[in-house]
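The values are calculated or read from the model by the stated rules, or taken from the named source; none is laboratory data. Since the structure is predicted, the reported quantities are computational estimates derived from the model, not experimental observations. We place every Cβ from the backbone using ideal geometry, glycine too, and count neighbours over all the protein chains shown.
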Amino acid sequence: MKNSTKLIERRHAVVAQGVGMFAGQTTAVSASGARILDADGDEYIDFAGGIGVMNVGHCNPEVVAAIHAQAGKLLHASIHVATYEPYVALCEELVRLLPHGESTKAMLVNSGAEAVENAIKIARQATGRAGVVCFDGGFHGRTLLAMTLTGKSAYKLGCGPFAPEIYRVPFPSAFHEGHQGSEQELVEQHLSRFEERFVRGPIAASEIAAIIIEPVQGEAGFVVAPPAYLRGLRELCDRHGIMLIFDEVQSGFCRSGHWAAFQHANVTPDLSTWAKSLGGGLPIAAVLGRAHVMDAALPGTIGGTYGGNPVACAAAMATLKVMEREQLGARARVIGDKVRASFEGLRDHCNVIGEVRGLGAMIAIELSYAGDPTRPAPQVTAAAVARCRTEGVLVITAGAFANIIRTLSPLVISDADLDRGLTVIKAAIIAAAKEHGNP
């Protein structure tokens with residue numbers, strides 16, 4: 001019996017089955033850069049990146065060195081008990097890189113879901129209101145409030161009742177709506193309907209604390225909010241005294257081609273949430289916001305025991321240094337252009353290419369029969385992902401119907417590994433399309 005099989009069997013014996021397995025029977029023993037070594041000694045080119053975590057690559061030497069150095073000084077104190085340098089230094093760096101207006105403040109937690117929970121608490125205290133508006137297709141985490149905000153029903157089965165005062169609106173997507181007009185027309189339609197809901201819907205604008213949106217929806221398959229729509233939301237929030245929250249947990253830290261996806265739209269939110277690639281592989285997350293908004297939270301109402309752990313902060317500082325020095329935002333744009341062109345080229349070889357979309361190095365390909373969004377092809381997608389794994393490339397799916405392949409390779413991936421990975425993915429999609437055909 002292979003070592004990987006033994007490890008998976010041990011997992012099934014003791015790990016709750018609710019902890020999902022998104023890449024089949026894959027194991028990992030070690031990793032470096034954009035490659036993972038499994039328990040059997042087989043190597044994979046990583047196009048999953050720990051679900052968007054490994055922008056600076058697996059076991060980046062500078063990150064590892066920072067972890068080692070900090071681990072010998074201070075493992076934990078809790079920022080609520082004692083103030084320590086790594087926490088303050090990381091907040092200083094974050095507000096430098098991601099200013100929210102004239103004055104910005106930050107707070108640190110452990111995960112994207114925690115960041116979202118704290119951002120909502122801050123928004124509610126800043127406005128004195130309770131309502132929160134989120135979007136179809138959004139993903140904000142698996143804690144109770146974050147799960148309430150999340151749109152994918154598969155992640156919510158049997159977990160209710162959910163948090164109150166959450167309201168959902170459609171996310172603008174020309175492909176899924178079959179919209180034939182211009183992007184501006186799509187944006188105007190959605191903003192008009194949004195305003196109309198304040199009058200005809202279940203809650204008035206005066207009762208809404210925040211609107212939370214992913215500038216690029218992650219779990220929905222890299223659906224990009226039109227820049228004009230984000231600008232429209234900014235104007236709407238300003239007019240009604242609503243906090244605008246951008247969830248940059250998956251899109252942040254160079255993945256979109258900038259430090260933040262919202263920078264593409266030249267829009268500044270009141271609050272924003274961050275995690276995943278911030279720690280270079282260690283768990284850490286942040287909420288950033290306009291200083292007066294952040295300071296609306298009463299002492300003791302935000303944070304947590306482990307938030308801003310000093311070792312994780314040190315890893316994050318090293319990670320940000322690598323990203324800035326290596327100009328990984330620019331690298332993300334190069335990677336994204338290559339992935340997009342490669343996926344678009346598949347249209348000449350099979351009839352299951354629905355849409356290729358994304359921003360920077362967040363590029364996804366949606367597989368649907370005859371390119372029709374109402375005819376998703378999850379069987380083709382699953383077969384393609386399995387073929388990729390057999391050929392030494394790890395990819396993961398997305399979307400309500402699991403018919404989208406999303407690419408989240410480390411931004412330090414070599415050109416050779418990128419080209420090899422794309423060759424495998426393309427061949428796998430073509431083969432899977434031939435095997436499964438039309439339903």
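Given the condition part of a loop (DSSP other than H, G, I, E, B) and hydroxyl-bearing (Ser, Thr, Tyr), answer yes or no: does some residue in the range 41-49 qualify? Walk me through it before giving the result.
First pass over the range 41-49, keeping only residues part of a loop (DSSP other than H, G, I, E, B): 41-42, 47-48.
This time we only want the ones that are hydroxyl-bearing (Ser, Thr, Tyr), so: none.
Taking every residue of the range 41-49 in turn, none turns out to be part of a loop (DSSP other than H, G, I, E, B) and hydroxyl-bearing (Ser, Thr, Tyr).
Restricting attention to the range 151-163, and to residues there that are part of a loop (DSSP other than H, G, I, E, B) and closer than 17 Å to Val19 by Cα, which single residue is nearest to the chain's Cα centre (by Cα)?
Lys152
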* Asked: What single numbered condition from (1) assigned to a helix (DSSP H, G or I); (2) in contact with an Asp or Glu (Cβ under 8 Å, 6 or more places away or on another chain) fails to hold for Ile120?
  -> (2)
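So that you can scan it fast, the table gives a plain yes or no per residue for (1) more than 29 Å from His240 (Cα to Cα); (2) surrounded by 20 or more Cβ atoms within 10 Å (Cβ to Cβ); (3) in contact with a Phe, Trp or Tyr (Cβ under 8 Å, 6 or more places away or on another chain):
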residue: Arg35; (1), (2), (3): yes, no, yes
residue: His58; (1), (2), (3): yes, yes, no
residue: Ala69; (1), (2), (3): yes, no, no
residue: Ser78; (1), (2), (3): yes, no, yes
residue: Val95; (1), (2), (3): no, no, no
residue: Ser103; (1), (2), (3): no, no, no
residue: Ile122; (1), (2), (3): no, yes, no
residue: Ala126; (1), (2), (3): no, yes, no
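Quick one: which residue in Val322, Val339 is in contact with a strand residue (DSSP E or B) (Cβ under 7 Å, 6 or more places away or on another chain) and either closer than 27 Å to Thr374 by Cα or touching a residue at least 24 places away in the same chain (Cβ under 8 Å) (or both)?
On the way: Val322 fails: in contact with a strand residue (DSSP E or B) (Cβ under 7 Å, 6 or more places away or on another chain).
Going through Val322, Val339 in turn, the sole match is Val339.
Kindly evaluate Ala39 against the criterion of being outside the structural domain of Ala296 (by TED's automatic domain parsing), over 25 Å from the mean Cα position of the chain (by Cα) and crowded, with 16+ Cβ neighbours inside 10 Å. Outline the logic, then answer.
On the way: outside the structural domain of Ala296 (by TED's automatic domain parsing): yes; over 25 Å from the mean Cα position of the chain (by Cα): yes; crowded, with 16+ Cβ neighbours inside 10 Å: yes.
In short, yes.
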* **the range 169-218, residues that are farther than 25 Å from Met362 by Cα, hydroxyl-bearing (Ser, Thr, Tyr) and touching a residue at least 12 places away in the same chain (Cβ under 8 Å)** => Ser206
* To do: Name the residue, out of Leu320, Leu288, that is under 20 Å from the mean Cα position of the chain (by Cα), within 27 Å of Ala82 (Cα to Cα) and part of a helix (DSSP H, G or I).
  => Leu320
* Asked: Does Gly151 satisfy being buried (at least 16 other Cβ atoms within 10 Å of the Cβ) and either at pLDDT below 95 or not assigned by TED's automatic domain parsing to the domain that holds Glu214 (or both)?
  -> yes
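How many residues are closer than 29 Å to Ala330 by Cβ and in a helix (DSSP H, G or I) when one looks only at the range 50-68? I'd like the intermediate steps shown before the answer.
Initially, the range 50-68 is screened for residues closer than 29 Å to Ala330 by Cβ, giving 50-67.
Filter again for in a helix (DSSP H, G or I), leaving 50-52, 61-67.
Result for the range 50-68: 10.
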* Asked: Name the pairs: first residue in the range 132-158 and of a type in the set (Asp, Glu), second residue surrounded by 15 or more Cβ atoms within 10 Å (Cβ to Cβ), Cβ to Cβ under 7 Å, at least 6 apart or on different chains?
  -> Asp136/Gly151; Asp136/Arg168; Asp136/Phe171
* Asked: Checking Gly52 against (1) within 27 Å of Phe401 (Cβ to Cβ); (2) surrounded by fewer than 20 Cβ atoms within 10 Å (Cβ to Cβ), which test does it fail?
  -> (2)
* How many residues are part of a helix (DSSP H, G or I), free of Cβ contacts under 8 Å to residues at least 40 places away in the same chain and among the aliphatic types (A, V, I, L, M) if we restrict to the range 81-113? -> 2
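Out of all the residues in the range 250-262, which are assigned to a loop (DSSP other than H, G, I, E, B) and either touching a strand residue (DSSP E or B) at 6+ places or on another chain (Cβ under 6 Å) or without any contact (Cβ under 8 Å) to a residue 12 or more places away in the chain (or both)? Break it down stepwise before answering.
We begin by selecting, within the range 250-262, every residue assigned to a loop (DSSP other than H, G, I, E, B); these are 250-260.
Result: Ser251, Gly252, Arg255, Ser256.
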* Considering every residue within the range 308-317, establish whether at least one is closer than 30 Å to Arg129 by Cβ and out of contact with any Asp or Glu (no Cβ under 6 Å at 6 or more places or on another chain). => yes
* Is it the case that the range 284-296 has a residue that's more than 30 Å from His76 (Cα to Cα) and at pLDDT 95 or above? -> no
